[in-house]
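The values are calculated or read from the model by the stated rules, or taken from the named source; none is laboratory data. Note that the structure is a prediction, hence the values are computed from the model and not measured. Reconstructed Cβ throughout: ideal geometry from the backbone, glycine too, with neighbour counts over all protein chains shown. Areas reflect the complete protein model, heavy atoms only, side chains present, ligands, DNA and RNA absent. Shrake-Rupley method; radii C 1.70, N 1.55, O 1.52, S 1.80 Å.
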Amino acid sequence: MTTATRTRTLLTLAEVCDELGVSRSTFYDWRAKGRAPRCIKLPNGDLRIRRSDLDHWLDDREDAA
């Protein structure tokens, strides 16, 4: 996998919060309670979320109509 492809599959915390329409503090609260999508913690402390993990997390929360 090339670096460009890998970069597109990893989302920043700001991108995820924007997509979900929640604040950063809400995301950190979910994470502390074990309710957030899986995260990757980089050596500098930043978080990244795989697109596939976010999509799977959202699918798990979909209501059956």
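A few points about this structure:
- Pair list, Cβ under 7 Å, 6 or more apart: region 42-65 residue without any contact (Cβ under 8 Å) to a residue 40 or more places away in the chain, other residue not hydrophobic (A, V, I, L, M, F, W, C): Leu42/Arg48; Leu47/Lys41; Arg48/Thr12; Ile49/Pro37; Asp53/Pro37; Asp53/Arg38; Trp57/Pro37
- Here region 7-32 is the region considered, the condition is being of a type in the set (Val, Ile, Thr) and not in a helix (DSSP H, G or I), and the residue that is farthest from the chain's Cα centre (by Cα) is Val22.
- Residues of region 33-42 include at least one that is open to solvent by 60 Å² or more (accessible area, probe 1.4 Å), small (Gly, Ala, Ser) and not in a helix (DSSP H, G or I).
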